[in-house]
Amino acid sequence: MYITFLSATILLAAFLVLRYVEVARGARVAAHARARLDTSTLTLEARMHARVTVVREYVSRDMLVKVLHMLTYAVLMFVRLLERKLTGTVRLLRSFRKKKPARGISPGLDKVVRGVDHE
């Protein structure tokens, strides 16, 4: 933190001294080199703007589809989680309900035996 503040202060002081010298002389310091640097900067800016346009097209087309896919997947995972919680809650509630007493066997069915003929 201290180094950042110190370097920012030094750069600001250097800028103010350079600006004072330029105003006093009435000309730019290292005008030729700065003009070449300005030209290079403008060229670089134009190239980067062209690249940004290509990247923006890619992002708007492909990345949007990927983001929507991930959002859909996240919603699906949330719905599955909610379904599991609700299933557990339903099972818990069903375990508390009162069981109906078992009914007796019908009069005609009490004589039926599996796998044996009574004739």
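Can you tell me the order of 75-84, 98-107 when each peptide is scored by its average per-residue count of other Cβ atoms within 10 angstrom, highest first?
Top to bottom by mean Cβ count within 10 Å: 75-84, 98-107.
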Query - Entry for semi-axes √(5λ) of the Cα gyration tensor in Å (calculated from the structure that is shown) out of (1) 18, 17, 15; (2) 29, 21, 9; (3) 88, 23, 9 - result: (3)
Requested in this report: Taking only Cα atoms and a 10 Å spring cutoff, compute GNM fluctuations for the chain and point out the largest among Tyr73, Tyr58, Tyr20.
Outcome: Tyr20
Query raised in the report: When the dipole is taken about the Cα centre of the range 19-73, and only Lys, Arg (+1) and Asp, Glu (-1) are charged at their Cβ, what size is it in debye, to the nearest 20?
Result: 200 debye
Report task. Provide the per-residue ³J(HN,Hα) series for the range 21-37, in order, calculated from phi with Karplus coefficients 6.51, -1.76, 1.60 and θ = phi - 60°, each as a whole number of Hz, with x at glycine and proline positions. Result -> 5, 5, 5, 5, 7, x, 8, 7, 7, 6, 4, 5, 5, 5, 5, 5, 5
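FYI, it's all coordinate maths here, none of it is from the lab. Only a predicted model underlies this, so the values are computations on that prediction, with no experimental measurement involved. Note: ideal-geometry Cβ built from the backbone for every residue, glycine included; neighbour counts use all protein chains shown.
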